[in-house]
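Q: Structure below; questions to follow.
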Amino acid sequence: MPQFGEEFLAELRNRCDIVTVVSRYVDLKKRSSSFVGLCPFHNEKTPSFHVNPAKQMFYCFGCHAGGDVITFIMKSENLTYPEAVHYLADSVGLHVPKTTAIDSEISFLRKRILETNRVAARFFHNTLMSETGKPGLEYVKKRGLSPQSIVRFGIGYAPDSWDSLIKYMHSQGYSDNDLKSAGLVSVSESEKSHIFDKFRNRVMFPIIDYRNNIIGFGGRTLADDPAKYLNSPENIVFRKGENLYAINYARTNKLGALILVEGYMDVISLHQAGFNAAVATLGTALTPAQARLMKRFTDKIIICYDSDAAGKNATRRAIEILKNVDLDVKVVTVTGGKDPDEFIKAYGAEKFRELLDGSSNDIEYKLGEISFKYNMEIDSEKAACVREYLGVLSGIKNRVEREVYTDRIARETGLSKENITAELNTLIRRRAAEEKKNEEKKVYTSLSGSGSGTISRNNIAVSRAEGDVISLILNFPQKIDQIEKLISPDDFLTDFNRRVYTVLCEKLKENPSGQPHLMLSSLFEPDEVGILMGYITEVGAFSVDGEEVQAVADRLKAEKKKKAVSGELSDTNFQQYLEDLKKKGK
């Protein structure tokens, strides 16, 4: 990540008090020496999100997100580290000093790509309105787009030509490298010096972020092309999993919610009919980053996907992702097997408004989908249906809401509420145990650098011992010289902890008076920062005393030795190994 001067960052944090900044996103309550609220990064009913004004840091004991004010903005706004620094600096009128030549080059490249996209968008739109663009104009008119919508969304046409855009962009002073950086051209495989227009004979949809920057394009083919839609390749300004089509308009809608649909034409058709809250993903399934982006502008999402099997599967996945960031989710079922665009054309805006008014919440939608699959007159099918019902109810955190649906299921099935409740409580306990197990596995997998998703018993012990070392450095940076004399990077077996140890040692040598917890956002990714903040904040496995340097070093080396001895043992022999250690008093 680009580095900024320590004096500048200190001034930035001083002006951007973390409590003030976080309060724009979270309803914080004063509790002792800290502030507490519901975490904005995961779904919870009981506050586990803490902000420490003295240390200028935040930490969630539920999802383990944590860091300083820069990390918070990175996660909340889906920004890179330098983008978050500039975002905060702009908010308080602080000038950002130039950093390295590389940083300046990246900043210039970003601006150049946005300029290139803007000029290309103008070319595509002008082409659509010309004689050359007749095929594209006929298509959009056939799809029912009004002249106002064509202009509003900047719709264009890429000619059926190998170099029309290239020639135009050259005439405007843009180089081949500019076009390559923006992803507007492709490079010949046989002749690397030869480039050609990436988008050809396609209706073009500019993709605009919430800051009104044209960050990329989506092109709909008018030919017999297997790639029906083609997006710009990802680059430093365009990450399709972090943006939404039409968010630039929808973020200021008066509906008080966002309508999530599947495609460009669905969005435009709804906006044209007066529903300017519609947004769409960019050719991929909904991502957590897109859910967090929506949460910036609303607490309510209405999913309106196609009513076919693929649309229903996508709806179920989207519900879980949206609920995980604490969004209120409703689902519109478009009748007649139509998508929103087809429904609007067939029945009009008022009928669609009736669909919105009759939308069901996520629980009702799931229960309805389940009941549709079973014949409740057959006992075996009724039992299977109830099992699926309880699977849905076990995920409801609110007890009152659970009881309401338990009552409904009892009435619908004729089963006693007591039996349903007993089975539900068993399922809830099982689910809680599984979630806890998965959370531990996730944490320790992150610590070990293992991508396998499995963690052996001795790996966990090693990770904990290594975590104690990192905890010492973060909590007692003044001990760094003593720590380095006793521990080397080679003593670490897990990739993550070894990298953290090496980086922190180097940074504390450069700046002995530095505060490690304020260095983290510039050195590691936000999720990694969250893990490391746990070493500072959480009491438990990683809680160590500043006087225990020798003991921590000895424990790390001992666990490393155990790993070497026990790593190849079978389960039976591993148990025997542990028993032998107990007998020896170890």
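Here, each number is a calculation from the coordinates, and none is a lab measurement. Not measured: the values here are computed from a predicted model. Counting neighbours? That spans all protein chains shown, and the Cβs are built from the backbone with ideal geometry, glycine included.
Q: Given an 8 Å cut-off on Cα distances and at least 6 residues of separation, report the relative contact order of the range 235-384 as a percent.
A: After rounding, I find 21 percent.
Q: Something else about it: For the chain, give me the percentage of DSSP beta bridges that are antiparallel, rounded to the nearest 5 percent.
A: Around 75 percent antiparallel, to the nearest 5.
Q: Hand me the chymotrypsin sites (Phe, Trp or Tyr not before Pro) from the range 366-404 located in a DSSP loop with no more than 15 other Cβ atoms within 10 Å, in residue order please.
A: F372
Q: Taking other Cβ within 10 Å of each residue's Cβ, how do E434, E369, E466 sort, fewest first?
A: E434, E369, E466
Q: Can you give the % of DSSP beta bridges in the range 250-360 that are antiparallel, to the nearest 5?
A: 10
Q: Also, I was wondering about something else. Measure out, as a whole number of angstrom, how far apart the alpha-carbon centroids of the range 485-539 and the range 172-218 sit.
A: 40
Q: Determine, for H50, H194, the number of other Cβ atoms within 10 Å of each Cβ, and report the residues in order from fewest to most.
A: H194, H50
Q: A further question on this structure: In nanometres, what is the gap between the two model label sites at E434 and R296, each 7 Å from Cα along Cα-to-Cβ?
A: Each label point is offset 7 Å from its Cα along the Cβ direction, giving 3.5 nm.
Q: For the pair E83 and E320, how long in nm is the line joining their label points, each one 7 Å along Cα→Cβ?
A: 2.7
Q: Relative to the present Cα-Cα distance, how much length would full extension add between E525 and H194 at 0.36 nm per residue of separation?
A: 115.4 nm
Q: Which entries in K167/K198; K134/K180; K479/K509; K345/K366; K485/K560 show an alpha-carbon gap greater than 22 Å?
A: K134/K180; K345/K366
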